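J.: Sharing a structure below in structure tokens format, with a few things to ask.
The values are calculated or read from the model by the stated rules, or taken from the named source; none is laboratory data. Since this is a predicted model, take the numbers as computed values, not measurements. Neighbour counts run over all protein chains shown; Cβ positions are idealised from the backbone, glycine included.
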Amino acid sequence: MSVSSRSAIDLADPDVFVAGAHHEALKRLRAEEPVYWQETEQGGFWALTRHEDIVAVYQDAAAFSSAGGAIVGGSFGKSSDTASQRMLVASDPPRHRMLRQVMHRVFTPAIVARVRRQVAVLVDRAVRRMERDGGCDFATDIAPAMPVGAMMAMMAISEADAHRLLTMTRRMIGYRDPEWVDTGDDERLRLAGLQADIFDFFDDLVAERRADPGEDLVSILAAAELNGRPAGVEDVLFNCMNVAVGGNETTSYTACAGILALVDDAHQWELLSGRPEVPDTAVNEMVRWASTNAYVQRVARSTVTIRDKTVRAGDSVTLWNVSANRDDEQFADPDRFDVTRTPNRHVSYGVGVHRCIGATLAGVELSVLFGRLADLGVRFERAGEVRRLRSNFILGTNALPLRIVG
């Protein structure tokens, strides 16, 4: 069967990823057609699956634009992305540089320390409850403690509001998942409504902080200037949403993939068990293994050749992080989870000017959680069906039941 045949793999089909069939299919693409044209009802996109090619495109912002949005078809299924040049991840230099300078003020050592403290409080409470009950649904009872704590600390909001925000971002990311939304209505209208819910949340919060500013993300963005002028309302709202979506989805779903890998490999868990601190190598391996953000989109600015394929100006080019992170030309034994792996040049956080601005914060959150779990000195086992998020963009977990076995 030809790899180019849509029957071989449909990267636009979320069910491929729910079933876990993507790793083997992407492995075939890396070997046989690393620059792959994926037909879709909207036209199609190029899929890059080799680590080398993906890093090269990440680093070439002059030839490949981010302004078309990270998701094929625009963030909300539109032909052009409404966040273009407003949201950090959907902007190009020089606009990207100006936005990034503002966003750096949100990730200061003081704010990172505040996040660490708040996450530790919520993680400890969740883990104590799990100990009392003898188990948990890790995806709903433990992992959300990280993004909820982070949003509380970064945005100066209540725990109830942080949970409400988490639910809204989950519904937006899970817009094709019947566990999160009613998938029977018009998809574009559904997405527009989900985005509007998040904007309404932040619009109210921005108004509060303009009246009574503090030292939190919303206050910083509301008072920001871009090129000597006050940031526009849409700039503020889009970048609040950028942080919320990135923060809420990445760490929580990475934690689910990490604990499942540890449950399935007793030796790897033994390497961590009983340790008060989790090595950076272990956190990095969880981030590589999870590859939570499966791909990001770029748009070719001019006609270029990648390997033997001609990519024309205006073509959508997708960088499949989840494939690059299993490339055997970059990683020894890439299908093995190894908490001691080094070097580990994964691309889960992106590369170059668009490297995730919250990468350090994500590492802190994951270290807090897995340090607390490792310190328990117990083992876990699966206690039921693992249910995956129905998405080809974010590789998430809806349910992960575990029990403590010793």
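J.: With in contact with a Ser or Thr (Cβ under 7 Å, 6 or more places away or on another chain), of a type outside the set (K, R) and either closer than 22 Å to V233 by Cα or not in a helix (DSSP H, G or I) (or both) as the only criterion, which of L165, L205, L99 stands out? Lay out the reasoning, then the answer.
T.: Details: L165 fails: in contact with a Ser or Thr (Cβ under 7 Å, 6 or more places away or on another chain); L205 fails: in contact with a Ser or Thr (Cβ under 7 Å, 6 or more places away or on another chain).
None of the other options fit; the residue is L99.
J.: Hey, among L194, L189, which residue is part of a helix (DSSP H, G or I), buried (at least 18 other Cβ atoms within 10 Å of the Cβ) and hydrophobic (A, V, I, L, M, F, W, C)? Outline the logic, then answer.
T.: On the way: L189 fails: buried (at least 18 other Cβ atoms within 10 Å of the Cβ).
Within the list L194, L189, the selection yields L194.
J.: Taking the residues in the stretch 211-231 that are modelled with pLDDT of 95 or more and charged (D, E, K, R) as candidates, determine which candidate is surrounded by the most Cβ atoms within 10 Å (Cβ to Cβ).
T.: The extreme case among them is D216.
J.: Please go through (1) outside any helix (DSSP H, G or I); (2) buried (at least 18 other Cβ atoms within 10 Å of the Cβ); (3) not aromatic (F, W, Y) for L373 and return the number of the only condition it doesn't satisfy.
T.: (1) is the only condition that L373 fails.
J.: Continuing with this model, one more query. Only one of (1) of a type in the set (A, V, I, L, M, F, W, C); (2) in a loop (DSSP other than H, G, I, E, B); (3) surrounded by 22 or more Cβ atoms within 10 Å (Cβ to Cβ) is not met by F331, so which one is it?
T.: (3)
J.: Take the stretch 104-155 and flag every residue that is closer than 22 Å to L221 by Cβ, surrounded by fewer than 18 Cβ atoms within 10 Å (Cβ to Cβ) and in contact with a Lys or Arg (Cβ under 8 Å, 6 or more places away or on another chain).
T.: none
J.: Restricting the search to the stretch 229-280, which residues are over 30 Å from A67 (Cβ atoms) and aromatic (F, W, Y)? Talk me through it step by step, then tell me what you get.
T.: Quick first cut of the stretch 229-280, residues over 30 Å from A67 (Cβ atoms) only: 255-280.
Scanning the stretch 229-280 gives a single hit, W269.
J.: Also, quick follow-up: Can you find, within the stretch 334-367, the residue that is surrounded by the most Cβ atoms within 10 Å (Cβ to Cβ) among those that are in contact with a Ser or Thr (Cβ under 9 Å, 6 or more places away or on another chain) and acidic (D, E)?
T.: Ranking the qualifying residues of the stretch 334-367, first place goes to E365.
J.: Pairs please, first residue from the stretch 123-147 and of a type in the set (D, E), second anywhere and modelled with pLDDT under 95 and surrounded by 13 or more Cβ atoms within 10 Å (Cβ to Cβ), Cβ atoms under 8 Å, 6+ apart in sequence or on different chains.
T.: Going by the 8 Å Cβ cut-off, the qualifying pairs are E131/L376.
J.: Can you tell which of R298, R345 is assigned to a loop (DSSP other than H, G, I, E, B), more than 15 Å from the chain's Cα centre (by Cα) and modelled with pLDDT of 95 or more?
T.: Details: R298 fails: assigned to a loop (DSSP other than H, G, I, E, B).
It is R345.
J.: What's the total number of residues in the stretch 241-287 that are surrounded by fewer than 24 Cβ atoms within 10 Å (Cβ to Cβ), of a type in the set (D, E, K, R) and either touching a strand residue (DSSP E or B) at 6+ places or on another chain (Cβ under 8 Å) or in a helix (DSSP H, G or I) (or both)?
T.: 4
J.: May I pose another question? Could you give me the residue pairs with C-beta distances under 7 Å whose first residue belongs to the stretch 48-59 and is at negative phi, whose second residue is at pLDDT below 95 and assigned to a helix (DSSP H, G or I) wherever it lies, and which are 6+ apart or on separate chains?
T.: Y58/G352; Y58/H354; Q59/G352
J.: Residues of the stretch 182-210 being at pLDDT below 90 and within 17 Å of M154 (Cβ to Cβ), which ones?
T.: Those that are at pLDDT below 90 and within 17 Å of M154 (Cβ to Cβ): none in the stretch 182-210.
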